[in-house]
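Shown next, in C-alpha cells, is the structure this report addresses.
Just so it is clear, none of the values below were taken in a lab; they were calculated from the coordinates. None of these values were measured; they are calculated from a predicted model. With ideal geometry, Cβ positions are generated from the backbone for all residues, glycine too; neighbour counts draw on all protein chains shown.
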Amino acid sequence: MTRNTLRLAAVSAVAAVSIGAGAGLAQASETTAPARPAASSQVTLTAAQARALLADPALSAELKARDTTSLRAVANGTATDVQARGAVGGAAKALFNLLKKHGGKVYNGAVKAAKANWGKFRSYMDGLPWYHPVRIAWVAAGAEAQYQLYTYIRSLV
C-alpha cells in the first residue's frame with residue numbers, strides 16, 4: 001500500500017465515525033424539539049411581498065377590496081392570522097384573473113404546464129418574458145401564492 005492509500009483510508013474512517021456520531025446526535029435533538037402549533041407553521045406573505053403586490057398596477061387592478069385590505073395589513077405588519085391567509089388567497093385569485101385576462105397562449109400554456117406537474121408550471125411561468133405583466137406579478141407573489149395558483153388551476157382541469 002502506498003502512503004496516499006493509507007491517508008485516504010484514515011480520512012474515510014474518521015469521516016464515517018464522525019458522521020455516525022453526528023447522526024445519533026441529530027436524532028436525539030429531533031426527538032427533544034418541541035412541536036410547533038399548526039397555525040404558526042403556515043407560510044404566508046411577507047411584508048415586502050405584500051408591498052410589491054400592492055405596487056404592481058396590473059395585479060392591484062385585479063384585487064377585490066377585502067383582499068386589498070388584507071394585503072395592506074400584511075404590508076403594515078398588523079395582520080391577524082385570518083388576514084394573512086386571506087392575503088395569500090387574494091393574491092392567488094388576482095394572479096389567476098390576470099392570467100385569464102391575458103388569455104390565449106399564456107393561459108393555455110399555464111394550464112397545460114399545470115396539468116403536468118409543479119416543476120413544469122413553475123418553469124413555464126418563470127419562462128415568460130421579464131417584462132410580461134403576468135411574470136412581474138408571479139415574481140412578486142411569493143412561493144405560497146404561486147403554489148395556491150397552481151393548485152387552483154389543477155383543480156379546474
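Worth pointing out:
- Over 25 Å (Cα to Cα) - which of Lys64/Lys112; Lys64/Lys115; Lys93/Lys120 fall in this group: Lys64/Lys112; Lys64/Lys115
- Leading residue at positive end of dipole, the stretch 54-157 (Cβ point charges), from Thr69, Ala110, Thr80: Ala110
- Straight-line reach from Lys100: taking Cα to Cα under 18 Å and skipping same-chain neighbours fewer than 8 places apart, the aspartates and glutamates in range are Asp56, Glu62, Asp126.
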